[in-house]
Amino acid sequence: MEAPAGQTATIQSATQVTFSDYVVRLEAYVRTSPGQLMVTLSACIIGAVIMGLASWHSYTGLRHSVQTVGKDTVPSIVAAQHIRSLLADANANVMNAILTREPAGGPFMKEYRREINDATGELVTAIQNITYGDEEKTPLLTIMQNLSEYQRFVGAISTKSGDAEINDILAANALMRDKVLTAAAALDQANFKHLDETYSAHKSQLFMSVAPYVFGLILLLGALGWTQVLLFKKTHRVISPGFAAATVVTIVFALYSGFMLKSTESALKVAKADAFDSIHALWKARAIAYDANADESLYLIYHGHGDAQEKSTAAFRSKVNEILNNNGKNNAQYGGFLGEELANITFEGEKEVATESVTTFAEYLKIDGKIRELEKSGQYKEALALNIGTKPGESNWAYDRFDKALGKTIDMNQKEFDRNVSKAFSKLNVFPYVLGIVLIVVIAASIVGMKPRLDEYRF
């Protein structure tokens with residue numbers, strides 16, 4: 001049943017008057033001393049909340065960058081390069097086994113099977129830790145599918161001879177390089193793209209991410225200072241213990257959070273720019289070096305096939321140029337991946353091990369030159385002995401020294417990367433608890449500090 005029109009108008013009028021009275025009373029209350037004190041208390045509480053939200057915003061942005069670099073991308077990139085290195089060396093061992101005509105249980109084939117098993121285990125782990133969907137899934141599936149086909153070719157090679165054997169060697173080698181190793185490089189790139197985008201965005205937006213936090217601190221300190229001034233004017237008290245405590249806690253938090261953000265940012269920079277950039281270059285150098293080592297053996301497998309040897313030599317030199325060359329940029333002595341490492345020396349002892357990687361690689365290349373000279377001069381057996389030899393002055397001995405020096409350089413940078421990521425997370429993990437305690441203390445201290453003053457106006 002609807003109310004009569006006149007009664008409805010009366011109700012609306014009464015409502016309007018009530019709301020108008022409320023506004024008038026509120027305005028009148030704000031003009032009083034208790035009202036002004038309540039306004040400043042509210043400003044302090046709101047300022048604390050804004051400061052907390054702004055601090056949380058800066059914290060989550062920094063944590064996302066550390067998480068992306070330290071957990072989501074770098075381990076996957078290193079795993080991709082480890083897979084690439086294992087498979088490239090497995091292929092090099094197959095070439096050595098073919099070259100020496102060793103039986104299925106020989107040392108080169110044993111090492112080949114071990115590396116295939118290790119790579120398979122790494123692939124399973126990588127599949128279980130996919131972060132970026134098809135960007136990682138596609139290259140991983142490509143590796144696994146083509147790896148089984150590669151193993152089939154390797155198994156068939158020992159049953160053939162002459163041109164048929166050469167054709168299978170070519171097919172296996174092409175499958176490994178064009179499909180498997182290319183997919184491993186794509187897996188690296190999929191994760192590196194996200195790492196690079198996240199880190200670049202983090203650096204470019206650093207000021208914008210910190211600005212709200214600074215604004216929140218200024219707003220809160222301003223509200224606390226304004227309240228202290230108002231209390232002095234209204235109550236003639238120089239210091240209010242509650243608001244003094246809130247101010248001190250806020251200042252201490254500002255110093256702590258500033259230090260935390262700066263030290264975490266510094267740890268992130270060391271992890272990404274100083275350590276990981278070297279790790280990435282060195283792992284790529286290692287994977288390509290294993291592949292180049294296979295080309296050295298392939299050169300002798302092609303004994304009597306001049307055109308094929310020339311192509312193999314060109315492929316070897318192209319890979320060597322990727323690893324180390326004399327075309328350094330920005331006044332750097334060397335270019336290539338080892339040149340990148342030499343231009344990014346950061347940690348104590350790093351220069352020595354990086355230089356050792358360069359000198360041992362140069363020794364390996366010198367011996368490779370001798371192998372090719374012996375082959376060209378018709379001394380095939382001597383070239384073969386030098387290629388597969390493990391004694392000082394022989395190719396496998398020299399390559400092993402280079403690989404160990406490279407491994408020491410990688411390990412040094414990996415250790416620093418892990419240490420700085422751990423340092424960043426240890427600081428970030430504490431921050432939410434500190435922020436929560438600070439907010440509770442500031443709000444509680446403000447209320448406790450204001451309550452006695454408000455109580456004075458009730459009597």
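The values are calculated or read from the model by the stated rules, or taken from the named source; none is laboratory data. Fair warning: this is a prediction, and the values are worked out from it, not measured in the lab. Cβ placement follows ideal geometry from the backbone for every residue including glycine, while neighbour counts extend to all protein chains displayed. Areas reflect the complete protein model, heavy atoms only, side chains present, ligands, DNA and RNA absent. Shrake-Rupley method; radii C 1.70, N 1.55, O 1.52, S 1.80 Å.
Points to keep in mind about this one:
- Single residue of the range 331-364 satisfying the filter (under 25 Å from ASP277 (Cβ atoms) and over 30 Å from the mean Cα position of the chain (by Cα)) that is surrounded by the most Cβ atoms within 10 Å (Cβ to Cβ): TYR364
- Output for the range 246-271, where each listed residue is in contact with a Ser or Thr (Cβ under 8 Å, 6 or more places away or on another chain), of a type in the set (Gly, Ala, Ser) and either surrounded by fewer than 22 Cβ atoms within 10 Å (Cβ to Cβ) or within 21 Å of ASP72 (Cα to Cα) (or both): SER257
- Filter result for ARG419 (in contact (Cβ under 8 Å) with a residue 12 or more places away in the chain, basic (Lys, Arg), assigned to a helix (DSSP H, G or I) and open to solvent by 10 Å² or more (accessible area, probe 1.4 Å)): no
- Residue that is buried (at least 17 other Cβ atoms within 10 Å of the Cβ), within 29 Å of TRP283 (Cα to Cα) and not acidic (Asp, Glu), where the choices are ILE130, ILE116, ILE157: ILE116
- When residues of the range 290-311 are limited to those that are at pLDDT 90 or above and small (Gly, Ala, Ser), the one surrounded by the fewest Cβ atoms within 10 Å (Cβ to Cβ): ALA292
- Scan the range 166-192 for residues that are over 36 Å from the mean Cα position of the chain (by Cα), open to solvent by 10 Å² or more (accessible area, probe 1.4 Å) and touching a residue at least 40 places away in the same chain (Cβ under 8 Å) and the total you get is 1.
- Selected residue (only one of LYS370, LYS404, LYS381 is at pLDDT below 95, assigned to a helix (DSSP H, G or I) and open to solvent by 70 Å² or more (accessible area, probe 1.4 Å)): LYS381
- Listed by first and then second residue, the pairs with beta-carbon distance under 6 Å, at least 6 apart or on different chains, first residue in the range 253-279 and more than 13 Å from ALA424 (Cα to Cα), second at pLDDT 90 or above and among the acidic types (Asp, Glu), are ALA275/GLU416; SER278/GLU341.
- Residue count for the range 272-289, restricted to those that are farther than 17 Å from GLN189 by Cα and buried (at least 24 other Cβ atoms within 10 Å of the Cβ): 2
- Some residue of the range 425-448 being outside any loop (DSSP other than H, G, I, E, B), among the polar types (S, T, N, Q), more than 30 Å from ASP89 (Cα to Cα) and touching a helix residue (DSSP H, G or I) at 6+ places or on another chain (Cβ under 8 Å): yes
- Taking first residues from the range 426-445 that are surrounded by fewer than 13 Cβ atoms within 10 Å (Cβ to Cβ) and partners that are in a helix (DSSP H, G or I) and at pLDDT 95 or above, no Cβ contact under 8 Å between residues at least 6 apart in sequence or on separate chains turns up.
- Checked against (1) modelled with pLDDT of 85 or more; (2) buried (at least 20 other Cβ atoms within 10 Å of the Cβ); (3) closer than 30 Å to SER42 by Cβ; (4) of a type outside the set (S, T, N, Q), LEU231 passes all but a single condition, namely (1).
- Look at the range 127-152: where a residue is more than 16 Å from HIS194 (Cα to Cα) and modelled with pLDDT of 90 or more, no partner that is open to solvent by 70 Å² or more (accessible area, probe 1.4 Å) and not in a helix (DSSP H, G or I) sits 6+ places away or on another chain with Cβ atoms under 6 Å.
- Checking each residue in the range 202-220 for being closer than 28 Å to ALA245 by Cβ and open to solvent by less than 60 Å² (accessible area, probe 1.4 Å) picks out VAL210, ALA211, PRO212, TYR213, GLY216, LEU217, LEU220.
- For MET144, the stated conditions hold: it is open to solvent by 20 Å² or more (accessible area, probe 1.4 Å), farther than 21 Å from LEU300 by Cβ, among the aliphatic types (A, V, I, L, M) and out of contact with any Phe, Trp or Tyr (no Cβ under 6 Å at 6 or more places or on another chain).
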